[in-house]
Structure formats: structure tokens, C-alpha cells
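Worksheet: the structure to be examined is printed underneath.
The values are calculated or read from the model by the stated rules, or taken from the named source; none is laboratory data. In this text, all values refer to a predicted model and were calculated from it rather than measured experimentally. Heads up, the Cβs are rebuilt from the backbone with ideal geometry, glycines too, and the neighbour counts pull from every protein chain shown. Surface areas here come from the heavy atoms of the whole protein model, side chains and all, with no ligands, DNA or RNA. Shrake-Rupley method; radii C 1.70, N 1.55, O 1.52, S 1.80 Å.
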Amino acid sequence: MSIVYLNGSYLPMAEAKISPMDRGFLFGDGIYEVVPSYGGEMVGFLPHIDRMNNGMADIGIKLGWSHDQWKSVCDTLIEKNGTGNLGLYLHVSRGADTKRFHACPEDIEPTVFAFTYDIPPAPVADKSKVMGYKVAIDHDLRWKRCHIKSTALLGNVLHFQHGYEQGTNETLLYNDKNELTEASACNAYIVKDGVVITPPLDNQILAGITRHILLDLLRKEGSIPVEERVVTMEEVFDADEVWVTSSSKEVVPVIEVDGKPINHGKIGDVWLAAQTIYSAGKLNY
Ligand code: PLP
């Protein structure tokens, strides 16, 4: 059984218990991260912890852990759970209160929970070895603070479920202006005439760490132009390629959107080049 971290102790998952009065349980009042680790090497550890600290600051959870404290928990969990391909799930809720009351109590200790789960091997940049996603579309009905990686994921869950029930792998989301925001658990991109285009960072999307690493690597490598700008859903359907990214999946080519083939249902050459660049550079973050 996997060993988890809970409030200072390492213990088997079945022995990890939290109070039902935990505000994470009652209100979804918490912040989380997922850091991928391949053969014991984490991808993007520092930006993941920075994002979690930003999220805690945004919602007023005062934990005050150093990067080294998080590193020690992550390294210990990797050591205890094997150095395969792991997702490290890190979770800080505001803590357990004595009553159910919306206002945030000042005097409770945050609950810190972390566990690992198996993720697929890192994708390889090879068209014959990757599965192109088919995705649904849905009107983005989440809240206006999507930049916060909150544990309150019901909006995302319902959007993912919408696509899942149609037999698709993900759901692309669009706002009231018919502009692409992101996907239910990924950032989203189009490729048009060789340019990689992705919606800009704002309160409608999560600042994905994979997005950050990918855009940074592409800009440094220089052969594929990148634009961060508004993308309409017309542009999505008219795109040469569509991709989604997330930490445990890296860059995923999309071959069908809402039943309509993209690039004649074939994985594109720009994806191949981008995933090659990502695979080569990701461990530098
Ligand atoms: N957008 C949403 C809504 C997500 O839930 C995720 C990942 O969980 C992402 C984007 C991608 O973020 P990252 O690349 O940091 O995994």
C-alpha cells in the first residue's frame, strides 16, 4: 500500500485520517499541486511550489513552508513509493474548524496532505507511440478565479464528465465571447501556419507549469513562433493542429474537436517538433 504524508507523519494510505470538519472537506477550501516525477526526477518542482505558494497567498492560507520542506516531503514519498513514474499530489487545506462557518478562522493549523500515484511513462516524441485525443467542447461555467489551483474542482469535474460521457478524452472550454479558455484539466493551444497560439494568462485559466515550460523552451529554441493571445472557437475548428498540456501528460495532440477532425484526424508535425523540444528540456525546470 502506498505511503502518504499527513500533517508531519508518513503512514499507509488507509491509516491517514482527517476531521470531517476540515474546511477542505466542507468547503473545498484549499490549494493543491501535482508534480510529475520520472525515475525519481521531478519536472518543474520549483515553479510548482511557487504556484502553490501564490495560491495560498491569494486565499490567505498561512503555511510558511520553505521549498526545502516541500522537497523533503516529495523526496521521502518518492523513496517510500518507488522511483517509477509518479504524480506527487500536494494538498494544503485551511484546516479543521470546530464549527461550519464561512468566515476563515485565524487560529487553525492548515492540513497538509501528500500522496503519490502512478502516471504513464513520459510521452515520447513519436507519432506512432502517442494517442491523439478526441475532445468535446463546453461553455466554461466555472468561477472567475480559475488562476487559483483550488481543490474546489466541481466545475472542472462537471466539464470533464460532459466530455467523458461522450466518449472523449477531454473537454475544451469557451467563454461567453466564444473564446477558448482552457480544457477541464489542461491548458489548450492551436497551431496555425506554423505558429503556436495559446490564450493569455488571466483569471479564466490556470497558469499551467507545462505551459510555462513549453513556451519558455519554444522561445529559447526559436524555430517555432509562439503567441499568447485570444483564440476564438472558429480558430480552433480552423486550426492546423490543436494541443492540450498538463504535467502528467505533457503535450497531447488533439485529432478531433466536437466530432470534427483536426488536420484530417492526423497528429501534426509541429506537435512532433514541440514534444521533442519539451522532452529534451523539461528536466531543466
Ligand atoms: N488547467 C487546469 C484547469 C488544470 O487542472 C491543469 C492541471 O491540472 C492545467 C491547466 C495544466 O497545469 P499543469 O501544466 O501545471 O499541470
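Give a quick list of GluC sites (Glu not before Pro) in the range 138-242 that DSSP marks as loop, anything other than H, G, I, E or B, with at most 11 other Cβ atoms within 10 Å.
Here the sparse-neighbourhood loop sites are 165.
Leaving ligands, DNA and RNA out of it, rank 269, 258 by accessible area with a 1.4 Å probe, largest first.
269, 258
Ranking request for peptides 40-48, 245-253: highest mean number of other beta-carbon atoms within 10 Å first, then the rest in descending order. Working shown, then result.
Working: 40-48: 18.2, 245-253: 22.9.
The most tightly packed comes first, giving 245-253, 40-48.
Enumerate the aspartates and glutamates that residue 149 could reach by cross-link, defined here as Cα to Cα under 14 Å, with residues fewer than 8 away along the same chain left out.
29, 33, 50, 58, 182, 202
What angle do you read, to the nearest 10 degrees and between 0 and 90, between the alpha-carbon axis of helix 209-221 and the longest principal axis of the chain?
50 degrees
Taking K and R as +1 and D and E as -1, what net charge do the other residues with C-beta under 9 Å from the C-beta of residue 206 add up to?
Here the charged neighbours net out to +2.
If you stretched the chain out fully between residue 109 and residue 201, how much longer would it get, using 0.36 nm times the residue separation minus the C-alpha to C-alpha distance?
Working it through step by step, the gained length comes to 30.0 nm.
Testing the spin-label approximation: label points 7 Å from Cα along Cα→Cβ at residue 10 and residue 117. State their distance in nm.
2.2 nm
How about the range 1-69: which trypsin sites (Lys or Arg not before Pro) there lie in a loop by DSSP and see at most 13 other Cβ atoms within 10 Å?
Passing sites in the range 1-69 are 17, 62.
With a cap of 13 neighbouring Cβ atoms within 10 Å, and only residues DSSP puts in a loop, list the trypsin sites (Lys or Arg not before Pro) found in the range 75-178.
Those that pass, being in a loop and sparsely packed, are 99, 100, 144, 145, 177.
Could you grab the Rg to Rh ratio for the range 127-284? Cα atoms only, Kirkwood for Rh. Mind showing how you got there, number by number?
Values: Rg = 14.4 Å, Rh = 15.5 Å.
Looking at the range 127-284, the ratio lands at 0.93.
Any chance you could give the angle, 0 to 90 degrees and rounded to 10, that helix 67-81 forms with the longest Cα principal axis of the chain?
80 degrees
Express in % the proportion of alpha carbon pairs of the range 3-118 at distances exceeding 23 Å. Show your work: numbers first, answer last.
Values: 1923 of 6670 pairs.
Above the 23 Å cut-off, the range 3-118 has 29 percent of its Cα pairs.
In degrees from 0 to 90, rounded to the nearest 10, what is the angle of the helix 45-59 Cα long axis to the longest principal axis of the chain?
Compared with the principal axis, the helix lies near 70 degrees.
Plugging the Kirkwood radius over Cα pairs into Stokes-Einstein for the chain, at a temperature of 20 °C and a viscosity of 1.002 mPa s, what D comes out in µm²/s? Intermediate values should be presented prior to the final figure.
Details: Rh = 19.8 Å.
The calculation lands on 108 µm²/s.
If you take the beta carbon distance between residue 144 and residue 100 as r and set R0 to 30 Å, what does 1/(1 + (r/R0)^6) give as a FRET efficiency, to the nearest 0.05?
Approximately 0.75, to the nearest 0.05.
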